[in-house]
Amino acid sequence: MDDGERRRPGGREGAPLDGFTVAVTAARRAEEQIALLRRRGAEVVHAPTMRTVPLADDAELRRATRELVDVGVDAVVATTAIGFRGWLEAAEGWGLAEALTARLAGAELLARGPKVCGAIRGAGLREDFSPASESTEGVLERLLADGVAGRRVAVQLHGAPLPDFTGALRAAGAEVVEVPVYRWLPPVDTGPVDRLLDALVAR
C-alpha cells in the first residue's frame, strides 16, 4: 500500500480521508481548509465557533497608534500576521502609515512566529527576533532576559487581552502600550455550531 493510501473504516482504500467527516470550526480562511479536506476525500461540516472583527475604526486602536507615532516605541511585539497587516492598513486609512512604519523600523521587532515574520517583511521591515517555539512565552522570555525597565513596549493583541504577558512586562519596569487590532466575537449565526454539537453527541 502506498504511503499516500490508508485503510479506511470498513476496509476501504482510496483518498487519505475517504470515510471521514471533519468539522471545520474556523471562520477565517475556512474555504481553503474545506477545499483541501474535500480534495482528500473528507465530508466536511462547517460550523464557525467565532468571528474576527477588524477594528479599523476603533478609537482605542487609533489612540494607541497615534501615541506610538508621537512618542515613539522601543520594542514592538507582533503576535499575528492578520493583525499586523490590519494595523498597517488602518494606519494607512488615517494617514499614519508612513509615520508608523518609520517608528517600527527604529524599534526592536519581535515576531511570535513565521507567519508574522512574513507580514513584517511584506511591510518592508525586518524582525529582530522570533522564537523557535512560535509562542508569546518565547517572546516574553527574550524581552525579560534583555531587560525592559524604562522601555516602551507595544504589544499587538490578538483578539483578547494578554494580562499575563503585559503584566510581566509592567512588573519588570516596562511601559506597555496595548494595540488592539481585532476582536474575537461569537458567530452571528450559532445554528451550525448547535447542529455540530448535536451530531457529535449522536456520534
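Scanning region 117-149 for residues that are open to solvent by 40 Å² or more (accessible area, probe 1.4 Å), touching a strand residue (DSSP E or B) at 6+ places or on another chain (Cβ under 8 Å) and small (Gly, Ala, Ser) yields a single hit, 130.
For region 11-32, the set of residues classified as open to solvent by 80 Å² or more (accessible area, probe 1.4 Å) and either more than 21 Å from the chain's Cα centre (by Cα) or at pLDDT 80 or above (or both) consists of 12, 13, 20, 21, listed by residue number.
When region 68-111 is filtered for residues that are of a type in the set (D, E, K, R) and at pLDDT below 95, the ones remaining, listed by number, are 85, 89, 92. Taking the criterion of being within 12 Å of residue 78 (Cβ to Cβ) and without any contact (Cβ under 8 Å) to a residue 60 or more places away in the chain, the residues of region 127-163 that qualify are 127, 128, 129, 130, 136.
Determine whether residue 114 is modelled with pLDDT of 95 or more, surrounded by fewer than 17 Cβ atoms within 10 Å (Cβ to Cβ) and not small (Gly, Ala, Ser). It is true that residue 114 is modelled with pLDDT of 95 or more, surrounded by fewer than 17 Cβ atoms within 10 Å (Cβ to Cβ) and not small (Gly, Ala, Ser). Within region 145-164, which residues are outside any loop (DSSP other than H, G, I, E, B), charged (D, E, K, R) and touching a helix residue (DSSP H, G or I) at 6+ places or on another chain (Cβ under 9 Å)? Result: 152, 164.
Give region 175-189 a look and list any residue that's more than 20 Å from residue 59 (Cα to Cα) and either loosely packed, with under 13 Cβ neighbours inside 10 Å or at pLDDT 75 or above (or both), or say none. Break it down stepwise before answering.
Of region 175-189, the ones more than 20 Å from residue 59 (Cα to Cα) are 175, 186-189.
Answer for region 175-189, where residues must be more than 20 Å from residue 59 (Cα to Cα) and either loosely packed, with under 13 Cβ neighbours inside 10 Å or at pLDDT 75 or above (or both): 175, 186, 188, 189.
Say we look at region 35-58 and pick out the residues that are within 20 Å of residue 160 (Cα to Cα), open to solvent by 80 Å² or more (accessible area, probe 1.4 Å) and outside any strand (DSSP E or B); which of these is modelled with the highest pLDDT? Quick ask: steps written out before the conclusion?
Residues of region 35-58 within 20 Å of residue 160 (Cα to Cα): 48-58.
Subsequent filtering for residues that are open to solvent by 80 Å² or more (accessible area, probe 1.4 Å) retains 50-51, 54, 57.
After this cut, where a residue has to be outside any strand (DSSP E or B) as well, the list is 50, 57.
Working: 50: 61, 57: 52.
In this case the residue turns out to be 50.
The values are calculated or read from the model by the stated rules, or taken from the named source; none is laboratory data. Here the structure is a predicted model, which means the values were calculated and not measured. Virtual Cβ from ideal backbone geometry, glycine too; neighbours counted across all protein chains shown. Heavy atoms of the whole protein, side chains included, go into the accessibility calculation; ligands, DNA and RNA do not. Shrake-Rupley method; radii C 1.70, N 1.55, O 1.52, S 1.80 Å.
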